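The values are calculated or read from the model by the stated rules, or taken from the named source; none is laboratory data. All figures in this text were calculated on a predicted structure; none of them were measured in a lab. Here the Cβ positions follow ideal geometry from the backbone for every residue, glycine too, while neighbour counts run over all protein chains shown.
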Amino acid sequence: MDTLSLSLADIKNFEIDISFQSLITSIIVSVICAYIIKLIYLKFAKSINNKENFSDIFVLLSLTTTIVITVVKFSLALSLGLVGALSIVRFRAAIKEPEELVYLFLIIGIGLASGSNQYQVALTLTVTSFLIIFFENKLRKKNLTYNTEILNIEINNKDFDKITDTLDKLTKSEKIELEMKSLNKQDEIVYITYLVKNAYKSENFTSFISQLKKIELKEFNFSFSKDISIPL
C-alpha cells in the first residue's frame, strides 16, 4: 500500500509492537553515553554558569528523546501527532552560551541514534566528541597567557542592591575588575556569577577576598570556582 494513499482509518489501525529487549538496550546505551557526555562537559566546558545544574538534564533529555523516537518509529499516527504537538511548544528558557546549545544537540543526537537502534552511531558520536574536545582543550592550553577566577555569589533578593553597591565600592578600593556574566533568580534567592579579570596579577586579590568574608548579610554566600584559562 502506498504511504501517500493511507486513509485516516488505516492510520488508526496501526498497532505499536515495541520489542522490550530492544527498548532496554536503547535506554542503557542512551543513559551511558549521556552520562559520559555529562562528565566531559563538567571537565572541559568553558561555561561559567552553574555547570552541575545544567548537566543534570543530560541523561534525562537523552532518555526522553530515546523513548519518543522508539515509540514514534513504530507508529505513523503517533509521528504525525508528534509533529503537531511540537509545533505549539514554546521554550522560554534562553540558552546564554553557544557551548551549552552544542551540548544539548549532542545529547539529542545520542537519544535519536539510541531510539532508532543505531547503537554504533551513538557510541561513535560519544567517543568522537570526547576525542575532539580533549585534543582541542590540550591545544588551547598551549596558547594561554593568564588565568582568571570565577566569583559565585548567593544572596537574598532583598539584599541584592546592597551587595552590588558593596562590590562596587570594593572593586574600586581594591582595584579589582569584575564583570557580571550571569544573574539567575530562584524563589527569593539570587545567584550571580562574576568574572574576576586577571585575578592572579592583582596584589589586592587576597585583600579583596578578606573584605568579602567581612560582609555581614544574613543569606550571603560566596565561592570561587576553579580557575579557568583565558587566552589573550
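Numbers at a glance
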quantity	calculated
Members of segment 7-53 found to be among the basic types (Lys, Arg) and at pLDDT below 90, listed by number	12, 43, 46, 51
Scope segment 40-54; condition assigned to a helix (DSSP H, G or I) and touching a residue at least 24 places away in the same chain (Cβ under 8 Å); matching residues	40, 41, 44, 54
Every residue from segment 149-170 that is aliphatic (A, V, I, L, M), part of a strand (DSSP E or B) and closer than 23 Å to residue 187 by Cα	151, 153, 155
Residue in segment 75-93 that is modelled with pLDDT of 90 or more, farther than 30 Å from residue 19 by Cα and exposed (fewer than 14 other Cβ atoms within 10 Å of the Cβ) present	no
Number of positions in segment 194-232 that are closer than 30 Å to residue 139 by Cα, at pLDDT 75 or above and assigned to a strand (DSSP E or B)	5
